[in-house]
Amino acid sequence: MAKYLYKLAQWSVKYKKSVVFSTVAILALLAVIVFSLKPSFNGEFTIPNTPADKAANLITEEFEGIASQSTLDIVVKAPDTETLESEEAQLKMKELLTEISKDSTVVRAVSPTELNNLNTDKTIGYAQVTFAVEADKVSEKTKEHILNSLNITRDAGIQTEIRGGDIIFSEIEFEGIYEVIGIGVAFIVLAITFGSFIAAGLPILIALLGLGISLLGIMIGAYFIDLNSISIILAAMLGLAVGIDYSLFIITRFKIELANGKTIMNAIALATGTAGSAVVFAGLTVIIGLLGLAVAQIPFLTLMGVSAAISILIAVLISIITLPAILAMFGHRLSPAKENRYLRKFTGKNKKTDYVNSNKWARLVTKHPILVSLVSIAFLAVLTIPFFHMNLGLPSDGTAKTTEMTERRAYDLLTEGYGEGFNSQLVVAAKVNEVTESTPQIVQEIAQEISGLKNIQTISPLIPGPSGKIFMIQIIPASSPDDVKTKDLVNVIRAKSEDTEKEHSIELLVTGTTAMNIDISQQLNDALPLFASLIVILAYILLVMVFRSLLVPLKAVLGFLLTLGATLGFMVFVVQDGHFIDLFGFPAQSPILAFLPVITIGILFGLAMDYEIFLVSKMREIYMHTGDSHKAILHGVRDSGGVVTAAALIMMAVFFGFMMNTDAMIKSIGMALAFGVFFDAFIVRMTIVPAVMTLMGKTAWYIPKWLDRILPNIDVEGESFMNKVENK
């Protein structure tokens, strides 16, 4: 592969202006297409054929018209010392609903008084607005009209909020400023690493070009397929981070070749052929991890993985095609003589030291390998402990949204007025196989038995369907949507269905938003062991081929498991257990985002293998030349440790930028990846790896001769190719 990348770089250098112009032209063309199509994303997380989904489809088929309509609740609270039964409150509510009804898509708007749903002290209630179209067909113009109409009651001192359900009023969006701050921190890290402002700006420029192309391409795809809004944010997060890092690796090698006396053109080709090979391999490992999300067989998760994989692929292509062309234009500005002299003094790049004296950290780790290993492993193991009581779930308005959002305020009002369980309503469909005269009475008795179960606040009267084969029962639990007790109630009702089927041939199917979220979380939880196993096995096989060793890959995989356990354990400690949630800005204590563990495994797998390869491949190179395992460790930490450190800091800066987003889902993903990178790069790769390698000595590189012969040779650093070029 190194040979082909070398030739590709030569081609990019030869046609540098055309390559750069073509990249910009592609970006502009995609922008025009996106502007003309105006694609949109949705905020739904659904899985077809789950028990709740089947129940929902059954109810939709039975009660015609439900599927073609959508509803929202307008939650109101009377001013202090007043009630919603006052004459002024009644007049303002009527005026509000009359104004809302002027929208052509509104079928009806019913007040709290007509619905008879005022709470016990008559201070809180909710109106219901029904649309003639499905939730995703409610236009932005209609939403804006409703939001503006709320001022009628708000100006009268009546708190008025919206619970939209599937109609989204508070969209997930970039905060902007925090992502920019993350990029700014990345620029500072790059400037210190390279000792040059120009060299620091190039990786960011390359990353932004790749990010623009990938995001615009994903937006075009969203016009043709149903894509979740979190997909493009995850793609942006990863595309930006790896785009900067991959450019960093190639530019670092380019500067090394310049320092060794190579011409700019040769330095570009050699850097792309060597470091570019590692970039391609690293990118492929991340892409494999992301595409591996399809193993869970969950459509929205698969599409999230594909979207993020596209951003990684584009980042790799831009790094090995466009970056060489830009280096050909500006490479002469990156020579040591052109570096900023103040930055050079700060970084100490003008000092000449040998590999021993310049490796204080490596010498410390290798001098006390047992102590360092035990302390580091113990630290990560302690962080892992909370993982064992992890509770997965999907966000509700009460945990995912801030009090600045109308849905969250509506959630809090409904909880205040009707109890925690009001926001976790369940719908039970009693499906009758054989209808008899006594069927309604039997179903009524079953409903009576259900009402006697634990954790039920209220249960509605039976609603028979037109066919007589379906009866709908609405249940309000006593616990919140995120409470384990609500999940237990759903499971108890479903277990009771086994008895009713045997005795009366009546099946009990549970649905509703809460039940659907429970089913999605359960399916994701069930997929986790298989996905993790495949990732670990794949990582081991790949690393055996790369390092020609049995123990080095085993150490790498076990280190990844430590990283994963510590990351998820830390997330449980903060998000689920509620420690320091105010410090990290989470709206409320909540279960762990259901798809977070799977995404974390897929992404951290790729990043961890990147750091392992960049660090240990140098150790292997020195060991093959000298046979001195201790010297190899010191050389590896010296030559690759700085790049791994810079790459990790850049990743963390980008992920921390996204962690500052107010949306709890984005915040959770950004936080898991930021701390995951920290644990893996600084504790596992830069500390545990050299310590354990010291303990293993030469046995670290053992591999049976028969296995060495049959394994394909993956030269990720392009060393064999480098030798051929230098010997010419």
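The values are calculated or read from the model by the stated rules, or taken from the named source; none is laboratory data. Model, not experiment: these values are computed from the prediction. Cβ coordinates were reconstructed from backbone atoms using ideal geometry, including for glycine residues, and neighbour counts include every protein chain displayed. In case anyone asks, the SASA skips ligands and DNA or RNA and just uses the protein heavy atoms, side chains included. Shrake-Rupley method; radii C 1.70, N 1.55, O 1.52, S 1.80 Å.
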Exercise for the section: Evaluate the charge dipole of the range 480-583 about its Cα centre and quote only its size in Debye, nearest 20, assuming +1 on the Cβ of each Lys and Arg and -1 on the Cβ of each Asp and Glu. Expected result: 700 debye
Problem - Members of 137/485; 16/38; 3/255; 7/705; 16/255 lying beyond 27 Å, as alpha-carbon distances in this model show - result: 137/485; 16/38; 7/705
Practice task
Could you name the aspartates and glutamates whose alpha carbon sits less than 15 Å from that of residue 469, not counting residues in the same chain fewer than 8 places away?
Solution key: 61, 62, 64, 434, 437, 501, 507
Completion exercise
Excluding ligands, DNA and RNA, the carbon-plus-sulfur percentage of the accessible area of the range 479-550 with a 1.4 Å probe reads 57 percent
Exercise for the section: Using packing as a proxy for protection, rank 513-520, 492-499, 253-260 so that the peptide with the highest average count of other Cβ atoms within 10 Å comes first. Expected result: 513-520, 253-260, 492-499
Problem - Estimated distance in nm for a label pair at residue 57 and residue 297, the labels positioned 7 Å out from Cα along Cα-to-Cβ - result: 1.4 nm
Handout entry: the range 458-498, dipole about Cα centre (Lys/Arg Cβ +1, Asp/Glu Cβ -1), debye to the nearest 20
Key = 160 debye
Exercise for the section: Please work out the C-alpha center-to-center distance from the range 439-488 to the range 500-551 and express it in whole Å. Expected result: 29 Å
Handout entry: Net charge dipole size for the chain [Lys, Arg +1 and Asp, Glu -1 on Cβ; Debye, nearest 20]
Key = 5600 debye
Exercise for the section: Rank 105, 12, 117 by how far each Cα sits towards the positive end of the charge dipole of the range 1-132 (+1 on Lys, Arg Cβ; -1 on Asp, Glu Cβ) and give me just the farthest. Expected result: 12
Handout entry: Hits among lysines - C-alpha to C-alpha of residue 122 under 21 Å, sequence gap 8 or more where chains match
Key = 77, 92, 94
Problem - Between helix 664-678 and the chain: long-axis angle, C-alpha atoms, 0 to 90°, nearest 10 - result: 20 degrees
Exercise for the section: Would you check the accessible area of residue 418, probe 1.4 Å, heavy atoms only, in square angstrom rounded to 10? Expected result: 40 Å²
Fill in the blank from the handout: Of the listed pairs 431/502; 401/667; 431/496; 262/360, those with alpha carbons more than 20 Å apart are 262/360
Practice task
Taking the chain as the reference, fit the longest principal axis to its C-alpha atoms, fit the long axis of helix 439-451 to the helix C-alpha atoms, and give the angle between the two in degrees, 0 to 90, nearest 10.
Solution key: 60 degrees
Practice task
Would you mind getting the accessible area per residue of the chain, heavy atoms of the protein chains only, 1.4 Å probe, in Å²?
Solution key: 43 Å²
Exercise for the section: Please give every one of the lysines within straight-line cross-link reach of residue 367, meaning a C-alpha to C-alpha distance under 23 Å, and leave out same-chain neighbours fewer than 8 residues apart. Expected result: 555, 618, 631, 698
Problem - Dipole axis of the chain (+1 Lys, Arg; -1 Asp, Glu on Cβ), positive-most option in 677, 286, 203 - result: 203
Exercise for the section: Find which of 442, 531, 394 sits farthest along the positive direction of the dipole of the chain, computed with +1 on the beta-carbon of Lys and Arg, -1 on that of Asp and Glu, about the Cα centre. Expected result: 531
Fill in the blank from the handout: Neighbours of residue 286 by Cβ distance under 15 Å: Lys/Arg at +1, Asp/Glu at -1, summed charge -4
